[in-house]
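Worksheet: the structure to be examined is printed underneath.
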Amino acid sequence: MALRFPVSAEKEQKLSQRMEFLRILESDLEESFTRSGGKGGQNVNKVSTAV
């Protein structure tokens with residue numbers, strides 16, 4: 001599995017092992033970003049920060 005995000009090799013290996021143990025495939029994951037609610041002024045209206 002080739003994970004591509006800025007983490008240490010150790011963390012990447014542990015995540016890979018945990019996903020394998022839990023039988024989760026990277027292709028099964030979907031990540032989406034939305035605008036969060038609440039206070040934050042103009043920033044919450046412009047930036048998608050909630051995952």
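The values are calculated or read from the model by the stated rules, or taken from the named source; none is laboratory data. Computed from a predicted model, the values in this text were never measured in an experiment. Virtual Cβ from ideal backbone geometry, glycine too; neighbours counted across all protein chains shown.
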Note on the stretch 16-51: residues assigned to a helix (DSSP H, G or I), modelled with pLDDT under 90 and among the hydrophobic types (A, V, I, L, M, F, W, C) are V44
Can you tell me which residue within the stretch 1-15, out of those that are surrounded by 10 or more Cβ atoms within 10 Å (Cβ to Cβ) and basic (K, R), is modelled with the lowest pLDDT? K11
